[in-house]
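What follows is a single structure, written as structure tokens, with notes after it.
The values are calculated or read from the model by the stated rules, or taken from the named source; none is laboratory data. All values reported here derive from a predicted model rather than from experimental measurement. Positions of Cβ are backbone-derived with ideal geometry, glycine not excepted, and every protein chain shown enters the neighbour counts. Side chains are part of the model used for accessible areas, which takes the heavy atoms of the whole protein and leaves out ligands, DNA and RNA. Shrake-Rupley method; radii C 1.70, N 1.55, O 1.52, S 1.80 Å.
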Amino acid sequence: MRGSHLAVVVGGCAVIVAAGFAAAPPMKLGSAAGPQEPVPGDSHQADPNQPDPTPGATAGGSGVGGGQAQTFDGPAVSNVRGTYQAQITVVDGVVTDVVALQAGTSAAESVAVNSMAIPLFKERVLEAQSADVEAVSGASFTSPAFLESLAGAFEAAGLS
Amino acid sequence: MAMAFDVTVGGPDEDQAKAAIDAFHRELLRADDLFSLFRPDTVMSRLATGELTIAEAPAEVVEVLHLCDEYRIATGGAFDAKRPDGVIDPTGIVKTWAVARAAEHLAGADTWLVSASGDVLAHGGERRVGIADPRVTGDPAGTDVIDVVTLGGTYTALATSGSAQVADHIWDPVTGEPARHFVQVSVAGSDLVECDAWATAICAGGGPVVERAAAAGLELLIVAGERSQGGFEAVSTPGWPTVRE
């Protein structure tokens, strides 16, 4: 028995989605002032300095499953940490993907591993590889500005 | 609070499993009713505006605020629920607190596995859990992973923090700047809230917090950087429950 839900309760709405999202393409993050890489299927890109109050909807992406995939952009929401914009992909009324079109002001910088050369620790080089696992632990998206944009995308998709 | 969660239950019949998962979901929505800062009518929002005092708040809210305080002290201030504008925002641990609490509704099952927006809690048996590639956005389920660990026995909880999903959403409390110490931090232990708080704290505070976390008996995997020739530079504590060498 396996239940998979996406509970988006911003504004009191709860949406149940099918198990699993499609694998999202790696997010390209530009420099602080640089333009963002457009996401496939997204026909317009909001200027980070000009928040777009109107959520846009664009049909795009290759057909996922049987139905037609539609993408919906949330509004660009700015706070002191930068500008956030969510995009959801909907197939037959089911959210199949959530990506960040804009996520804060800049990318994380790589930090040299020798900054923490504590003898206790084991140094490792990790490669991304496929594996038979039951769950995956990763960073979650819990930024309020991102969620506000996400709620806008749900509204644009008529799912809230 | 918004999160995707995935619950796998083994043992009881399907109706029981369904009921348990529904109860789990309801508990999460209840937590949102108390803690959401997106809606003005919640206890947490009314505390933020001063309309309510902590003395008037329900026991659950007091418990979470106490936990925030406990981890702020334990992490040397690296985990701090106070936002730059002074509002106490326990969002950082409410999610895992609510998940751990909701998981009590699964007690009737022989085995269960909860995966909630990147944090994992397991009960019964040995479960193989992947560590997400920090470059993956959205739900990492089904994507290539940079490490695989076994949950079960000593380590039943696993939390990961980093900048993969939303860059710069963690602040360094010392510099007041967005925290960019590490690419991704995973913490394994037996208490999901504790793992979550430390993962966030290490991202926020960097090296000094790593030593504190190791001293607190937690097992860590820290992705420090991406290598130009491919792969990631990482370090792990000796007891990190990896199945890869």
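Identify all residues within the range B:203-238 that are more than 10 Å from every other protein chain (Cβ to nearest Cβ) and in contact with a strand residue (DSSP E or B) (Cβ under 7 Å, 6 or more places away or on another chain); write none if there are none.
B:A204, B:A213, B:L218, B:E219
If you go through the range A:136-157 one residue at a time, do you hit one that is modelled with pLDDT under 70, among the aliphatic types (A, V, I, L, M), more than 23 Å from B:V94 (Cα to Cα) and part of a loop (DSSP other than H, G, I, E, B)?
no
Within the range B:76-101, work out how many residues are surrounded by fewer than 20 Cβ atoms within 10 Å (Cβ to Cβ), small (G, A, S) and closer than 15 Å to B:A201 by Cβ.
Result for the range B:76-101: 2.
With the requirement that a residue be within 29 Å of B:I202 (Cβ to Cβ) and of a type in the set (K, R), what does the range B:27-75 give you?
Residue satisfying the conditions is B:R72 alone.
Taking only pairs six or more apart or across chains, which ones have beta-carbon atoms under 6 Å, a first residue in the range B:128-151 that is more than 7 Å from every other protein chain (Cβ to nearest Cβ) and within 17 Å of A:L126 (Cα to Cα), and a second residue that is modelled with pLDDT of 95 or more and open to solvent by less than 10 Å² (accessible area, probe 1.4 Å)?
B:V149/B:V129
On the basis of being open to solvent by less than 10 Å² (accessible area, probe 1.4 Å), at pLDDT below 95, out of contact with any Phe, Trp or Tyr (no Cβ under 7 Å at 6 or more places or on another chain) and not hydrophobic (A, V, I, L, M, F, W, C), does B:D147 make the cut?
It is false that B:D147 is open to solvent by less than 10 Å² (accessible area, probe 1.4 Å), at pLDDT below 95, out of contact with any Phe, Trp or Tyr (no Cβ under 7 Å at 6 or more places or on another chain) and not hydrophobic (A, V, I, L, M, F, W, C).
Tell me yes or no: at least one residue of the range B:18-26 is touching a Leu at 6+ places or on another chain (Cβ under 6 Å) and either crowded, with 18+ Cβ neighbours inside 10 Å or within 23 Å of A:A139 (Cβ to Cβ) (or both). Walk me through it before giving the result.
Step one: list which residues in the range B:18-26 are touching a Leu at 6+ places or on another chain (Cβ under 6 Å), which gives B:20.
Filter again for either crowded, with 18+ Cβ neighbours inside 10 Å or within 23 Å of A:A139 (Cβ to Cβ) (or both), leaving B:20.
Among the residues of the range B:18-26, at least one is touching a Leu at 6+ places or on another chain (Cβ under 6 Å) and either crowded, with 18+ Cβ neighbours inside 10 Å or within 23 Å of A:A139 (Cβ to Cβ) (or both), which makes the answer yes.
Return the only residue of B:A81, B:A48, B:A2, B:A109 being touching a Cys at 6+ places or on another chain (Cβ under 7 Å) and modelled with pLDDT under 90.
B:A81
Of the residues that sit in the range B:175-201 and are among the polar types (S, T, N, Q) and at pLDDT 95 or above, which one is surrounded by the most Cβ atoms within 10 Å (Cβ to Cβ)? So that I can check it myself, show each step before the final result.
First, the residues of the range B:175-201 that are among the polar types (S, T, N, Q): B:175, B:184, B:186, B:190, B:200.
Filter once more, keeping what is at pLDDT 95 or above: B:186, B:190.
Values: B:S186: 32, B:S190: 14.
If we take residues in the range B:175-201 being among the polar types (S, T, N, Q) and at pLDDT 95 or above, then B:S186 is surrounded by the most Cβ atoms within 10 Å (Cβ to Cβ).
Restricting to the range A:69-84, count the residues that are modelled with pLDDT under 75 and either more than 9 Å from every other protein chain (Cβ to nearest Cβ) or in a loop (DSSP other than H, G, I, E, B) (or both).
Selection size over the range A:69-84: 6.
Name the one entry in B:P12, B:P40, B:P58 that is modelled with pLDDT under 90, more than 9 Å from chain A (Cβ to nearest Cβ) and out of contact with any strand residue (DSSP E or B) (no Cβ under 8 Å at 6 or more places or on another chain).
B:P40
Consider B:G92 carefully, then state whether it is over 30 Å from B:A17 (Cβ atoms) and modelled with pLDDT of 90 or more. If you could, list the steps in order and put the result at the bottom.
Details: over 30 Å from B:A17 (Cβ atoms): yes; modelled with pLDDT of 90 or more: no.
So B:G92 does not fit the description; no.
Tell me which residues, restricted to the range B:128-144, are open to solvent by less than 10 Å² (accessible area, probe 1.4 Å) and within 18 Å of B:V9 (Cβ to Cβ).
B:V129
If B:I73 passes every condition in (1) more than 10 Å from chain A (Cβ to nearest Cβ); (2) surrounded by 15 or more Cβ atoms within 10 Å (Cβ to Cβ); (3) modelled with pLDDT of 90 or more but one, which one does it miss?
(2)
Given the conditions (1) at pLDDT 70 or above; (2) in a loop (DSSP other than H, G, I, E, B); (3) at the interface with another protein chain (Cβ under 7 Å from one of its Cβ atoms), which single one is not true for A:V125?
Of everything listed in (1) at pLDDT 70 or above; (2) in a loop (DSSP other than H, G, I, E, B); (3) at the interface with another protein chain (Cβ under 7 Å from one of its Cβ atoms), A:V125 misses just condition (2).
Against the definition (in contact (Cβ under 8 Å) with a residue 12 or more places away in the chain and facing chain A (nearest Cβ under 8 Å)), how does B:V64 come out, yes or no? So that I can check it myself, show each step before the final result.
On the way: in contact (Cβ under 8 Å) with a residue 12 or more places away in the chain: yes; facing chain A (nearest Cβ under 8 Å): no.
When the stated conditions are applied, B:V64 does not pass them.
If you take the residues of the range B:102-127 that are crowded, with 21+ Cβ neighbours inside 10 Å and touching a Ser or Thr at 6+ places or on another chain (Cβ under 6 Å), which of them is farthest from the other protein chains (Cβ to nearest Cβ)?
The qualifying residue farthest from the other protein chains (Cβ to nearest Cβ) is B:A122.
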